[in-house]
Amino acid sequence: MLSLIVFLPLAAAAVLAAVPAIGPAAARLAWIAVSVLEVLLVAVVWAGYKDPGPNGLAFEEQVPWIPGVGSSYHVGIDGLSLPLVAMTVVVFLACAVYCLRDSDRPRVQAALFLFLQSMSLGVFVSADLILFFVFFDLSIVGMYFIIAGWGHGNAARSALKFFLYTFLGSLALLLGFIGLYVFSAPHTFDIPELVAAPPLAGEPLAGGLVLAAILVGLAVKTPTVPFHTWLPPAHTDAPAAGSAVLAGVLLKMGAYGFVRIAMPMLPEVWRAWAWVIVAVGIVSVLYGALVALAQTDLKRMIAYTSVNHMGYIVLALGAAGLLVEGAEQARSVAVTGAMVQMVSHGLITAALFLLAGVMQSRAGTYDLGSYGGLADPAPRYAALFAIGAFASLGLPGFSGFIAEFQIFAGSVAVAPVTAVALVGIVITAALFLRALQRVFTGPAAGRSPGFADLRAHELWSAGPLLALSVLIGVLPLVLLGVIEPSSAALVELVGR
């Protein structure tokens, strides 16, 4: 089942790329049909999912691939990966709906997005480091062509910067993977085997070097300060759907690598570096919020809030490495909050970027000062953007509140100094409220007069993403019931 979910979009992409006779309408409908089928397949997997236990995988598939180096085609899911798989297919479906009326090379566009969907899903189900790296690296290629081919502004330069930064990060990641392989006995790239027998136990120097390589590779993709500088230009110049996938899905690959690889395979070194990781998380939270507050470009503002929100995840995962007596449950709550934040940020920020794209398509600018009183000509747009803004700032009733409450409840219980990062929530609230006031309130001014309200494909792309955020905020057990057992198992592995 997992192989079908991963490779169905790739097969569809190959057909679209190889058959020029496929018309624009057929290409768009094929993209939507495959995306809907992917959501249905993941729903079947979710309905049949049962927790596989510590270091176990559900729906596991394994066949020999490169036996000489101990690598196999090994896929499976647990409570840490299944929510991200579900979030991925939902975000890609939203992008397919959003692009329904695009007229710029729709066949090639659909093929690239379907290719990128396969690579993204492959990262989250991989149970082998080489397989993980292949999917991780190819996702960079797909996003490069999306930014360069359908972006605006200085798209070519932004795409190149994105590719070089993330590709160099992936090389550091590969060095870390080779280090894990060299120190494992027997030599293997199999993730469950490396978790069961951590290869660098009792080797603080070598373990520190391997963890440093892995952290750099993953931090670039997350991104955390100071590896974030590729993100704002990539988002600003990417097409709306490209920004939605970049923020909603690709950024999660770095954070997911922390919980799937770095923490369980290098528990001793993770504990030794925990305060450094916490500090990086706090800096990312505060820096991302403050710089976002200073932006006048809507897309750059949302991009910097991604640095802020991903900082919460890094903060929580660092706190999970602090061994405080009697704090096992608090550490588990922090990890659970980090996982919920990955899903929440994916849904909410993808919706915000799709809504930001409406500004570009209508008026050709993201400049906040170019609008005023937009709620008058575009009430549906104003309402949906307000919902996205309140969801992003962590208002109760949305998934962001569930995530951030657990992150801080767990982190502050383990390390009270992490309460400093709460200031980031206040700043985020201020910047979104200021943007709402400048763009949507008062009399229509600037480019607002004549601004067409949301069309059906725009409403039905961003709307369901925000509806899912509300569902998680009101009924969090739907998500927590899957995540919590795996979070507890991860905390136990880190503390061994």
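The values are calculated or read from the model by the stated rules, or taken from the named source; none is laboratory data. Bear in mind the structure is a predicted one, so any value in this text is a computation, not a measurement. So basically every Cβ, Gly included, is an ideal-geometry build from the backbone, and we count neighbours across all protein chains shown. Accessible surface is based on the protein model in full, side chains and every heavy atom, while ligands, DNA and RNA are left aside. Shrake-Rupley method; radii C 1.70, N 1.55, O 1.52, S 1.80 Å.
Could you go through the range 122-139 in sequence order and give the Karplus-derived ³J(HN,Hα) for each residue, using 6.51 cos²θ - 1.76 cosθ + 1.60 with θ = phi - 60°, rounded to whole Hz, and x for Gly and Pro?
For the range 122-139, the Karplus-derived couplings read x, 4, 6, 10, 5, 10, 9, 5, 5, 4, 4, 5, 4, 5, 4, 6, 5, 5 Hz, x marking Gly and Pro.
Would you calculate the separation in nanometres between label points at Leu290 and Arg380, each defined as 7 Å from the Cα along the Cα-to-beta-carbon direction?
So the label points at Leu290 and Arg380 sit 4.2 nm apart.
Leaving out same-chain residues fewer than 8 places away, which lysines sit with a Cα under 29 Å from that of Lys299?
Lys161, Lys221, Lys252
Looking at the calculated P(r) for the range 381-443, what percent of the C-alpha pair distances fall above 16 Å?
Numbers: 1012 of 1953 pairs.
For the range 381-443, the fraction of Cα-Cα distances above 16 Å is 52 percent.
Using a probe radius of 1.4 Å on heavy atoms only, what accessible surface per residue do you get for the range 160-231? Whole Å² is fine.
Here the residues of the range 160-231 average 39 Å² of exposed surface.
Quick one: work out Rg over Rh on the C-alpha atoms of the range 45-98, Rh as Kirkwood radius.
Answer for the range 45-98: 1.11.
Can you give me the orientation-averaged projected area of the convex hull built on the Cα atoms of the range 35-154, in nm²?
Answer in nm², one decimal: 9.0.
So what's the gap between the Cα centers of the range 95-114 and the range 32-71, to the nearest angstrom?
Going from one Cα centre to the other spans 27 Å.
Using label points projected 7 Å from each Cα along Cα→Cβ, tell me how many nm separate Ala409 and Met1, to one decimal.
Placing both labels 7 Å along Cα→Cβ, they lie 3.0 nm apart.
Could you tell me what a quarter of the Cα convex hull surface of the range 233-374 works out to, in nm² with one decimal place?
Working: hull surface 36.6 nm².
Over every viewing direction, the Cα hull of the range 233-374 projects on average to 9.1 nm².
Treat each spin label as a single point 7 Å out from the Cα along the C-beta direction, and report the Arg157 to Val470 distance in nm.
4.2
Report, to the nearest whole %, how much of the accessible area of the chain belongs to carbon and sulfur atoms, 1.4 Å probe, protein only.
71
If you project the alpha carbons of the range 318-393 onto their three principal axes, what span does each projection cover, largest first, in Å?
Reported extents, whole Å, longest axis first: 57, 19, 19.
Report Rg(Cα)/(2.2 N^0.38 Å) for the range 418-484, keeping two decimals. Intermediate values should be presented prior to the final figure.
Values: Rg = 17.5 Å, N = 67, 2.2 N^0.38 = 10.9 Å.
Rg over 2.2 N^0.38 Å, computed on Cα atoms: 1.61.
Rounded to whole Å, give me the distance from the Cα center of the range 160-201 to that of the range 327-397.
Between the Cα centre of the range 160-201 and that of the range 327-397, the gap is 34 Å.
Explain nothing, just compute: Karplus ³J(HN,Hα) = 6.51 cos²θ - 1.76 cosθ + 1.60, θ = phi - 60°, for every residue of the range 29-35 in order, whole Hz, x for Gly and Pro.
Once rounded to whole Hz, the list reads 5, 5, 4, 5, 4, 5, 5.
Roughly how compact is the range 285-363, stated as its Cα Rg over 2.2 N^0.38 Å to two decimals? Please list the in-between numbers first.
Details: Rg = 15.9 Å, N = 79, 2.2 N^0.38 = 11.6 Å.
Expressed relative to 2.2 N^0.38 Å, the Cα Rg reads 1.37.
Measuring with a 1.4 Å probe in the full set of protein chains, what accessible area per residue, in whole Å², belongs to the range 412-496?
Accessible surface, normalised per residue, equals 45 Å².
Set the Förster radius R0 to 51 Å, insert the Cβ-Cβ distance between His187 and Val417 as r into 1/(1 + (r/R0)^6), and round the FRET efficiency to 0.05.
0.80
Quote the charge dipole size of the chain about the Cα centre in Debye, to the nearest 20; the model charges only the Cβ of Lys and Arg (+1) and of Asp and Glu (-1).
Details: 21 positive and 24 negative charges, 269 e Å.
Roughly 1300 debye for the chain.
Can you show me the helix-derived [θ] at 222 nm for the chain, built from DSSP H runs with n ≥ 4 at -39,500 (n - 2.57) apiece and divided by the number of residues, rounded to the nearest 500.
Helix contribution divided over all residues of the chain: -23000 deg cm²/dmol.
Kirkwood hydrodynamic radius, the range 167-298, all distinct C-alpha pairs: what's the number in Å?
Radius from the Kirkwood sum: 15.9 Å.
Express the Stokes-Einstein translational diffusion coefficient of the chain in µm² s⁻¹, to the nearest whole number, given a Kirkwood radius over alpha-carbon pairs, 4 °C and a viscosity of 1.567 mPa s.
58
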